[in-house]
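Just below is one structure, and these are the notes that go with it.
The values are calculated or read from the model by the stated rules, or taken from the named source; none is laboratory data. The structure displayed is predicted, hence computed values, not measured ones. Methodologically, a virtual Cβ is constructed for each residue, glycine included, from the backbone with ideal geometry; neighbour enumeration extends over all protein chains shown. Heavy atoms of the whole protein, side chains included, go into the accessibility calculation; ligands, DNA and RNA do not. Shrake-Rupley method; radii C 1.70, N 1.55, O 1.52, S 1.80 Å.
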Amino acid sequence: LAAQEGNPSVAAFGMAGNYTAAARGFEATVWNAALLGLPGAPRFSLGGLVLGSSAGIGPVTVRNLADYAGATIPVDVRRGWVGAVRTAGSQQGSADASFTLLAFSAGRFGAQLSAAGGARMGLGPDALELFFLGNAEAVAANRTLRPSGSLTANAFLTPSVSYAIPLRTSATGGLALAVSAKYVQGLADVDARDNGSVITPDTLR
């Protein structure tokens, strides 16, 4: 899914992506190209240089960390976070970004050139324990730690063209069919994973 077009519409960002029925003109090339063939579409529209991004982590979130900005995080709180990660299986993080260089529509025809990329991170519970609590509790309990983790990232450049064919129209709407073609060019791909690290109690002294 990361190998798709970037969002060219500032309004779509403001509507949290709920824009499939509202897109018009160059915006429709991504959200719903069939709208280029329905009443209300402009004869010509042009946009570009639109950057958007999103990111998040969990189950330990940025908000959790921000609550203790400038203060020492209590040990019990950190233990609770490690427990939440153990329950969830891992600490996950993601970030996505897109940059629309140019998008335009002319009548029923639309085209766009955009770049998109994303990254995914995963850290196992033992890796989070080392980060939040260090090694003391593992040594005391004679536990072996397996600090697993992974990182994947990729980036793409995608030119696309669309053409809409109206099948039935009226003053308020209608029915249209759209055909789109895309060419996805990979720019970068990263895949880094832990290869089975094991930290035994005797190496934690």
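Taking residues in the range 192-203 that are open to solvent by less than 50 Å² (accessible area, probe 1.4 Å) and among the hydrophobic types (A, V, I, L, M, F, W, C), and partners anywhere that are outside any strand (DSSP E or B) and at pLDDT 85 or above, the pairs with Cβ atoms closer than 7 Å and at least 6 places apart or on different chains are Ile199/Thr144; Ile199/Pro147. Screening Arg43 with (1) in contact (Cβ under 8 Å) with a residue 60 or more places away in the chain; (2) surrounded by 12 or more Cβ atoms within 10 Å (Cβ to Cβ); (3) more than 20 Å from Gln91 (Cα to Cα) gives one miss only, at (2). The set of residues in the range 46-66 that are of a type in the set (Gly, Ala, Ser) and either within 30 Å of Thr87 (Cα to Cα) or open to solvent by 60 Å² or more (accessible area, probe 1.4 Å) (or both) comprises Ser53, Ser54, Ala55, Gly56, Gly58, Ala66.
Take residues that are farther than 20 Å from Leu35 by Cα and tell me which of the strands (runs of 3 or more DSSP E) falling wholly in the range 87-205 contain 3 or more.
Passing ranges, in order: 91-106, 109-123, 149-169, 185-193.
Of the numbered criteria (1) open to solvent by 60 Å² or more (accessible area, probe 1.4 Å); (2) under 23 Å from Ala188 (Cα atoms); (3) hydrophobic (A, V, I, L, M, F, W, C), the one Ala97 fails is (1). Contact annotation: residue pairs with Cβ atoms under 8 Å, 6 or more positions apart or on different chains, pairing a residue in the range 120-148 that is touching a residue at least 24 places away in the same chain (Cβ under 8 Å) and open to solvent by 70 Å² or more (accessible area, probe 1.4 Å) with a partner that is among the hydrophobic types (A, V, I, L, M, F, W, C) and part of a loop (DSSP other than H, G, I, E, B), are Arg146/Val198. Checking each residue in the range 12-33 for being more than 17 Å from the chain's Cα centre (by Cα), of a type in the set (Gly, Ala, Ser) and surrounded by fewer than 20 Cβ atoms within 10 Å (Cβ to Cβ) picks out Ala21, Ala22.
So which residues in the range 76-87 are under 13 Å from Glu129 (Cβ atoms) and open to solvent by 60 Å² or more (accessible area, probe 1.4 Å), if there are any at all?
Initially, the range 76-87 is screened for residues under 13 Å from Glu129 (Cβ atoms), giving 78-86.
Within the range 76-87, Arg79, Arg86 qualify.
Assess whether Gln91 counts as being surrounded by 18 or more Cβ atoms within 10 Å (Cβ to Cβ), under 30 Å from Leu177 (Cα atoms) and out of contact with any Cys (no Cβ under 6 Å at 6 or more places or on another chain). Answer is no for this residue.
For the range 91-107, the set of residues classified as of a type in the set (Phe, Trp, Tyr) and closer than 17 Å to Ser53 by Cβ consists of Phe99 only. Of the numbered criteria (1) touching a residue at least 60 places away in the same chain (Cβ under 8 Å); (2) of a type in the set (Phe, Trp, Tyr); (3) open to solvent by 60 Å² or more (accessible area, probe 1.4 Å), the one Phe156 fails is (3).
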